[in-house]
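This report refers to the structure that appears directly beneath it.
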Amino acid sequence: MTVSPLPDRRPTADEMYALVYGELKRIARHHLRVDAPATLSTTELVHEAFLKLGHGPATGWEGRAHFFGAASRAMRQVLVDFARRRQAAKRGGDRRRVSLSDAGASLDIELDEIIALDAALDQLNSVNERLRQIVELRFFAGLGEEEVAALLGVTARTVERNWLKARLFLLKELHAPR
């Protein structure tokens, strides 16, 4: 994952997109393996996320961690929006499982679970933004502890401890009685 910075200025969203398209595709494949409906392709997810990034309030990226965190967050939002639309379309029917697949791997996940995970991540963000960033970079972007540590400017041990805290928080939130 090497992104060469542009020399005299911050890259625009379009320039950044061109520089990191391959990495965005890798992140999208990871999202689709983890929690996405089979009806979305990697390319569609990357393009939808890019549209979200282009319409966001801040397109001046503070660095790689900021950009990849925003890109991963945009992909998560696309998936959550998709899940909400699908869930709204099936109101009144029996709970139906949606098969998720990418590159031969398949995973079943309830649409409710995608929405619940999004709410839990928002709650985590309100408690500790760095924990949310680590979840997005580790789980959604598929980066290792060393990569996350380098992007966030902390030690790998800090990432390891925060990753554990974040997982425990999310587990508690996702299994709390409603």
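The values are calculated or read from the model by the stated rules, or taken from the named source; none is laboratory data. Not measured: the values here are computed from a predicted model. Methodologically, a virtual Cβ is constructed for each residue, glycine included, from the backbone with ideal geometry; neighbour enumeration extends over all protein chains shown.
Quick rundown of the values:
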item: Residue, farthest from Leu131 (Cα to Cα), within region 145-162, restricted to residues that are crowded, with 19+ Cβ neighbours inside 10 Å and not aliphatic (A, V, I, L, M); result: Glu147
item: Evaluation of His66 against (1) at pLDDT 75 or above; (2) touching a strand residue (DSSP E or B) at 6+ places or on another chain (Cβ under 7 Å) (one fails), failing number; result: (2)
item: Scan of region 120-147 for residues that are assigned to a helix (DSSP H, G or I) and touching a residue at least 60 places away in the same chain (Cβ under 8 Å), ordered by number; result: Gln133, Glu136, Leu137, Phe139, Phe140, Glu147
item: Subset tally (residues that are over 11 Å from the mean Cα position of the chain (by Cα), modelled with pLDDT under 90 and basic (Lys, Arg)) for region 97-148; result: 1
item: Whichever residue in region 69-91 is charged (D, E, K, R) and modelled with pLDDT of 80 or more and, among such residues, is nearest to Leu19 (Cα to Cα); result: Arg73
item: Close pairs from region 148-177: first over 17 Å from Phe68 (Cβ atoms), partner surrounded by fewer than 12 Cβ atoms within 10 Å (Cβ to Cβ) and of a type in the set (Ser, Thr, Tyr), Cβ under 7 Å, at least 6 apart; result: none
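One line per residue, one yes/no per condition, for (1) at pLDDT 70 or above; (2) more than 14 Å from Ser72 (Cβ to Cβ); (3) not in a helix (DSSP H, G or I):
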site: Pro7; (1), (2), (3): no, yes, yes
site: Leu19; (1), (2), (3): yes, yes, no
site: Gly22; (1), (2), (3): yes, yes, no
site: Lys25; (1), (2), (3): yes, no, no
site: Arg33; (1), (2), (3): yes, no, no
site: Pro37; (1), (2), (3): no, yes, yes
site: His47; (1), (2), (3): yes, yes, no
